[in-house]
Amino acid sequence: MFGREKIATLVAEFLGTGILTLLVLSVQRSTIGVPFFVAAAAGLTVILMVFALGGISGAQLNPAVTLAMWTVRKITALTGVLYIIMQFLGAWAAYGLYHYYVKSSFQPIGGHFTGRILVAEAVGTGIFVFGLAAAVYQAYTRAVTATVYGLAYMIGIIAASSAAIGLLNPALAFGVRAFVPWGSGVAGWGTYFLGPILGAIIGANLYSLLFAVPEAVVAAPAAASSRAITTKKPAAKRAGSRKK
């Protein structure tokens, strides 16, 4: 059931999300942990991960992105579930590694539900995933896709950071303890978990419904060219027979 290629895609999502979480933790909790530098670190990390892992799993690195891609039928439900599991595991492993580095645990930072935070995370993620959807539907090269993914993520974080932490990623929120799903410190369910998911689904489907070129239109020129080639061949054969 799980061959080498399938295992590689899952490990890619685990590693990519883990590295992203570790970088954001390192910058966020440093002396330069202002939103712009966090956004820049996240954007650059995503660009690197798409270059390194995009050809293996697509380097989604984000449960909200995975769910959005499933709603526009770019991945199957089983693949989506497996990706999301590995993304959360990667973020959890990154938190464990950072905890080992600094020898200190952290209190949840998600706080109580606030509508402003929900909207900010949803809007930021919507901007980010709208840009990503453009790269997916227009089939950009990996270099261009990586750049668009990273820049869109950076811009989305900055857009959300005036009212929220600006994570736009439920797995990343889990890794930095903005989203805590159990225990007495449960936090972030309605903001750093739900907000990015809503924004990602809206962003991807908005681009898909209004701006993506229908596949039938894209396929038509290729089909027309194919018919032209097949109709020209008999004429060429007749011309050859007349020469003989």
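The values are calculated or read from the model by the stated rules, or taken from the named source; none is laboratory data. This structure is a prediction, so every number in the text was calculated from the model and none was measured. Cβ atoms come from the backbone with ideal geometry, glycine included; neighbour counts cover every protein chain shown.
Going residue by residue through region 109-117, is there one that turns out to be assigned to a helix (DSSP H, G or I), exposed (fewer than 13 other Cβ atoms within 10 Å of the Cβ) and more than 18 Å from the chain's Cα centre (by Cα)?
Taking region 109-117 first, the residues assigned to a helix (DSSP H, G or I) are 115-117.
After this cut, where a residue has to be exposed (fewer than 13 other Cβ atoms within 10 Å of the Cβ) as well, the list is 115-116.
Remaining after also requiring more than 18 Å from the chain's Cα centre (by Cα): 115-116.
For region 109-117, residues assigned to a helix (DSSP H, G or I), exposed (fewer than 13 other Cβ atoms within 10 Å of the Cβ) and more than 18 Å from the chain's Cα centre (by Cα): present.
Would you be able to say whether some residue in region 7-15 is part of a helix (DSSP H, G or I), closer than 23 Å to Arg177 by Cα and of a type in the set (Ser, Thr, Tyr)?
So far as region 7-15 goes, no, none of its residues is part of a helix (DSSP H, G or I), closer than 23 Å to Arg177 by Cα and of a type in the set (Ser, Thr, Tyr).
Against the condition surrounded by fewer than 24 Cβ atoms within 10 Å (Cβ to Cβ), closer than 20 Å to Ile75 by Cβ, of a type in the set (Val, Ile, Thr) and touching a residue at least 60 places away in the same chain (Cβ under 8 Å), how does Val148 come out, does it pass? Walk me through how you get there before you give the answer.
Working: surrounded by fewer than 24 Cβ atoms within 10 Å (Cβ to Cβ): yes; closer than 20 Å to Ile75 by Cβ: yes; of a type in the set (Val, Ile, Thr): yes; touching a residue at least 60 places away in the same chain (Cβ under 8 Å): no.
No, not satisfied.
Out of the residues in region 187-223 meeting the condition of being surrounded by 10 or more Cβ atoms within 10 Å (Cβ to Cβ) and either among the acidic types (Asp, Glu) or at pLDDT below 50 (or both), tell me which one is farthest from the chain's Cα centre (by Cα).
Filtering region 187-223 for residues that are surrounded by 10 or more Cβ atoms within 10 Å (Cβ to Cβ) and either among the acidic types (Asp, Glu) or at pLDDT below 50 (or both), the one farthest from the chain's Cα centre (by Cα) comes out as Ala223.
Residue-by-condition table, conditions (1) of a type in the set (Ser, Thr, Tyr); (2) assigned to a loop (DSSP other than H, G, I, E, B); (3) surrounded by 21 or more Cβ atoms within 10 Å (Cβ to Cβ):
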| residue | (1), (2), (3) |
| --- | --- |
| Val65 | no, no, yes |
| Lys74 | no, yes, no |
| Thr79 | yes, no, no |
| Ala94 | no, no, yes |
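Can you tell me how many residues in region 1-41 are of a type in the set (Val, Ile, Thr) and surrounded by fewer than 24 Cβ atoms within 10 Å (Cβ to Cβ)?
Taking region 1-41 as the starting set, the residues that turn out to be of a type in the set (Val, Ile, Thr) are 7, 9, 11, 17, 19, 21, 24, 27, 31-32, 34, 38.
Filter once more, so that each one left must be surrounded by fewer than 24 Cβ atoms within 10 Å (Cβ to Cβ): 7, 9, 11, 19, 27, 31-32, 34.
Qualifying residue count for the region: 8.
Being aliphatic (A, V, I, L, M), outside any helix (DSSP H, G or I) and in contact (Cβ under 8 Å) with a residue 24 or more places away in the chain is the filter here; which residues of region 16-57 pass it?
To start, the set of residues in region 16-57 that are aliphatic (A, V, I, L, M) comprises 19-20, 22-25, 27, 32, 34, 38-42, 44, 46-50, 52-53, 56.
From what is left, the residues that are outside any helix (DSSP H, G or I) are 32, 34, 56.
Within region 16-57, just Ile56 meets the criteria.
Pick out the one residue from Ser184, Ser241, Ser162 that is more than 28 Å from the chain's Cα centre (by Cα), hydroxyl-bearing (Ser, Thr, Tyr), modelled with pLDDT under 95 and not in a helix (DSSP H, G or I). Walk me through how you get there before you give the answer.
Values: Ser241 fails: not in a helix (DSSP H, G or I); Ser162 fails: more than 28 Å from the chain's Cα centre (by Cα).
Selected residue: Ser184, the only one of Ser184, Ser241, Ser162 that is more than 28 Å from the chain's Cα centre (by Cα), hydroxyl-bearing (Ser, Thr, Tyr), modelled with pLDDT under 95 and not in a helix (DSSP H, G or I).
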